[in-house]
Amino acid sequence: MKPSPGNPKKTGNLLRGAALLAASLALAACGEDPQPSQPPTPQVDPMFQQQREALDKARGVEQDVAKSAEELKRAEEEQTQ
């Protein structure tokens, strides 16, 4: 006997499958809210830390030299006037 399009066995299996799918989706949606992950604190490599400190020191010296040059230029301009 060939199953006809209105076969109750096929329709029952289809409904059971749809209900099972809906139930599993509903249960999956009811899970715990994930906690937002915090970014890891950056670990500074000691070698890079030494280089960074040297660069910061050089920048400070550069600013001091530029400031001194500006003061010297201002003093020269005052003397020539």
Proximal charge balance of Ala69 [Cβ under 14 Å; K/R count +1, D/E count -1]: -3
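On a full-extension model of 0.36 nm per residue, what is the gain between Ser37 and Gln63, subtracting their alpha-carbon distance, rounded to one decimal in nm?
Extra length from Ser37 to Gln63 when fully extended: 5.3 nm.
FYI, it's all coordinate maths here, none of it is from the lab. A quick note: this is a predicted structure, and the numbers were derived from the prediction, not measured. Virtual Cβ from ideal backbone geometry, glycine too; neighbours counted across all protein chains shown.
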